[in-house]
Ligand SMILES: [Zn+2]
């Protein structure tokens, strides 16, 4: 039987994700004993769902482990009344099936387009958003994530600025050395001619 290690980095209900992913793996998976590590994280864009699934290593008969990553928009973009809306639930399920396909060795040419995938096993499932009693976990979670994004962006910008500066000054240095050599030679020649 398939085993699931769920790594949920979002405010979406772990319990709901777990049930949904296990249903998908049972309905669409390889039917072997492998362990799936499934990471659920956020994506930057406000809509759509993206994913990644590992191909089985070539030549291996019994795949023991596969890895899937699904990136979901943040709850405020896709959730209403405490749960992910139907459109994004559908996206999630279809991308999940697509990535499961990759873990079974299927390439894009072997699979139907993501939007054409049917998910009858999804019947009645939902992905709720976890809210704690103090306030919204979503807000706090998002705040922490946003802080990281902001810092990373500013480091990237500063690094770029620094790189540009170093590049420019390195060129200046090269030019200065070049002119020093030129005037050195000129001085030498003048010395010789005297
Ligand atoms: Zn793909």
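The values are calculated or read from the model by the stated rules, or taken from the named source; none is laboratory data. In this text the structure is predicted, and so the values were computed from the model without any measurement. With ideal geometry, Cβ positions are generated from the backbone for all residues, glycine too; neighbour counts draw on all protein chains shown.
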Flag if residue 95 is assigned by TED's automatic domain parsing to the domain that holds residue 41, touching a helix residue (DSSP H, G or I) at 6+ places or on another chain (Cβ under 9 Å) and part of a loop (DSSP other than H, G, I, E, B): no
Q. Within segment 160-176, can one find any residue that is surrounded by 10 or more Cβ atoms within 10 Å (Cβ to Cβ), over 28 Å from residue 4 (Cα atoms) and under 23 Å from the mean Cα position of the chain (by Cα)?
A. yes
Exactly one of 127, 117, 100, 131 is at pLDDT 95 or above, surrounded by 13 or more Cβ atoms within 10 Å (Cβ to Cβ) and more than 16 Å from the ligand (Cβ to nearest atom), and that one is 127
The correct count of residues that are over 23 Å from residue 26 (Cβ atoms) and surrounded by fewer than 17 Cβ atoms within 10 Å (Cβ to Cβ) in segment 78-97 is 5
Cβ pairs under 6 Å, 6+ apart or interchain, first in segment 34-54 and under 16 Å from residue 11 (Cα atoms), second part of a strand (DSSP E or B) and more than 16 Å from the ligand (Cβ to nearest atom), ordered by first then second residue, are 38/6; 39/7; 40/8; 49/72
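Rundown of residues vs (1) within 16 Å of the chain's Cα centre (by Cα); (2) part of a strand (DSSP E or B); (3) away from the ligand (no atom under 16 Å from the Cβ); (4) surrounded by fewer than 16 Cβ atoms within 10 Å (Cβ to Cβ), yes/no style:
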{"site": "52", "(1), (2), (3), (4)": "yes, yes, no, yes"}
{"site": "58", "(1), (2), (3), (4)": "no, no, yes, yes"}
{"site": "68", "(1), (2), (3), (4)": "yes, yes, no, no"}
{"site": "112", "(1), (2), (3), (4)": "no, no, no, yes"}
> Taking the stated definitions as given, is residue 90 over 16 Å from residue 9 (Cα atoms), more than 16 Å from the ligand (Cβ to nearest atom) and assigned by TED's automatic domain parsing to the domain that holds residue 19?
Replying inline: yes
Within segment 3-24, the residues that are touching a strand residue (DSSP E or B) at 6+ places or on another chain (Cβ under 9 Å), part of a helix (DSSP H, G or I) and more than 14 Å from residue 129 (Cα to Cα) are 21, 22
